[in-house]
Amino acid sequence: MTADESPAPDPAAAVSVRDLRKDYGSFTALHGVSFDIAKGETFSLLGPNGAGKSTTIEILEGYRDRTAGSAQVLGMDPHRGGVSWKARLGIVLQSSGEPGNVTVHEQLAHFAGFYPHPRDVDEVIAAVGLTDNAKTRIKNLSGGLRRRVDVALGFVGRPEMLFLDEPTTGFDPEARREFWELIRGLKREGTTILLTTHYLDEAAQLSDRVAVIANGRLVDIGAVHEIGGADARIPIVRWRDAIGQQHEERTEHPAATVAALLARDGEPLDLEVIRPSLEDIYLELVKDADADAEVAA
Ligand SMILES: Nc1ncnc2c1ncn2[C@@H]1O[C@H](COP(=O)(O)OP(=O)(O)OP(=O)(O)O)[C@@H](O)[C@H]1O
Ligand SMILES: [Mg+2]
């Protein structure tokens, strides 16, 4: 263990991770990841397939052992957390098991029974848009509706800390918007949320801070509007010239660039002024991380 050498976890944080490492046999999935999540914060873990997001989250949930490093969730080492600690967590795994032969309402009522202060089951069912399906057996629901059951099971116990591993995979656009409202409501109540998602607009909408991991290493961490640095946010002016050639220019003064273009060549074709989105910034960060990994190899 390297835990003794790393800075101590922050006891005030909801989640505190130091030099977290995970080996699966000879393969290292996490190479020493460190971050904190403050109480009440919504924090997104972003990264390509295989980056180590689920590995990290499942270690924090107490589902997987770590190889080295330290982790604390609500003041407890997840490896040692007992029933009363688990009752303070809500967990939505990336993939849920086979649904039993029970209805939506039965399943939620059953789960609610495990927690000391559960939410009202009908309200939870309504919040995930399943009121019309409350008496349907879960195995007969479509994939997206089943996923809503997973999300409902995650927060029916009124958790202090909610782990959501790709919760909205399979949701239609309307359900995703409703989910965002649900998360904002939980956040207003003070719930700490750790989310993974491949939908960067979702991460931008919901997160206070994001961390990007690639190849088991933390690439960057920060507020949604700061991650990647100020340079990554410089607007791009893009247009085509009279012979159809595409041009683009990064500039702090897009209006001046456009005015100069207009004065020089007349109205530019297919003119766009693009403010890099979280997705654009994320893609650059991940591309740089892949290039670094190749150099290191
Ligand atoms: N049980 C396991 N045994 C061996 N290797 C594993 C195991 N679980 C995960 N891995 C490997 O560890 C790496 C990280 O996997 P992980 O599931 O944490 O990625 P992820 O970031 O959640 O990806 P995704 O976006 O696809 O869900 C991958 O290379 C994966 O193949
Ligand atoms: Mg995953």
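Taking the residues in segment 154-174 that are surrounded by fewer than 21 Cβ atoms within 10 Å (Cβ to Cβ) and more than 16 Å from ligand 2 (Cβ to nearest atom) as candidates, determine which candidate is nearest to Glu98 (Cα to Cα).
Ranking the candidates gives Asp172 first.
Only one of these is within 17 Å of the chain's Cα centre (by Cα), away from ligand 2 (no atom under 13 Å from the Cβ) and either in a strand (DSSP E or B) or without any contact (Cβ under 8 Å) to a residue 24 or more places away in the chain (or both): Ser34, Ser70, Ser84. Name it.
Only one candidate passes the filter, namely Ser34.
Starting from residues that are in the same structural domain as Gly50 (by TED's automatic domain parsing) and among the polar types (S, T, N, Q), keep the ones in segment 195-247 and report whichever is farthest from ligand 2 (Cβ to nearest atom).
Gln205
From Asp36, Asp65, which residue is among the acidic types (Asp, Glu), closer than 28 Å to Gln205 by Cβ and either out of contact with any Pro (no Cβ under 7 Å at 6 or more places or on another chain) or surrounded by fewer than 21 Cβ atoms within 10 Å (Cβ to Cβ) (or both)?
Criteria check complete, one pass: Asp36.
Taking the stated definitions as given, is Arg275 farther than 25 Å from Val17 by Cβ and modelled with pLDDT under 95?
yes
Could you please let me know if Gly90 is in a strand (DSSP E or B), small (Gly, Ala, Ser), away from ligand 2 (no atom under 13 Å from the Cβ) and crowded, with 17+ Cβ neighbours inside 10 Å?
yes
Can you pull out the residues in segment 116-126 that are within 18 Å of Leu182 (Cβ to Cβ) and assigned to a loop (DSSP other than H, G, I, E, B)?
Pro118, Arg119, Asp120
For Leu108, work out the one condition from (1) in contact with a Leu (Cβ under 7 Å, 6 or more places away or on another chain); (2) in a loop (DSSP other than H, G, I, E, B) it doesn't fulfil.
Condition (2) is where Leu108 drops out.
For segment 156-202, enumerate the residues that are in contact with a strand residue (DSSP E or B) (Cβ under 9 Å, 6 or more places away or on another chain), under 24 Å from Ala51 (Cα atoms) and in a helix (DSSP H, G or I).
Hits for segment 156-202 are Leu200, Glu202.
Those residues that are within 10 Å of ligand 1 (Cβ to nearest atom) and either outside the structural domain of Ala203 (by TED's automatic domain parsing) or within 17 Å of Ile193 (Cα to Cα) (or both), I need them from segment 26-46; list them, please.
If the condition is that a residue be within 10 Å of ligand 1 (Cβ to nearest atom) and either outside the structural domain of Ala203 (by TED's automatic domain parsing) or within 17 Å of Ile193 (Cα to Cα) (or both), then Leu45, Leu46 are the ones that fit.
Given the options Asp19, Asp23, name the one that is within 12 Å of ligand 1 (Cβ to nearest atom) and of a type in the set (Asp, Glu).
Residue meeting the stated conditions: Asp23.
The values are calculated or read from the model by the stated rules, or taken from the named source; none is laboratory data. Computed from a prediction, not measured in an experiment: that's the story for all the values here. Cβ: placed from backbone, ideal geometry, glycine included. Neighbour counts: every protein chain shown.
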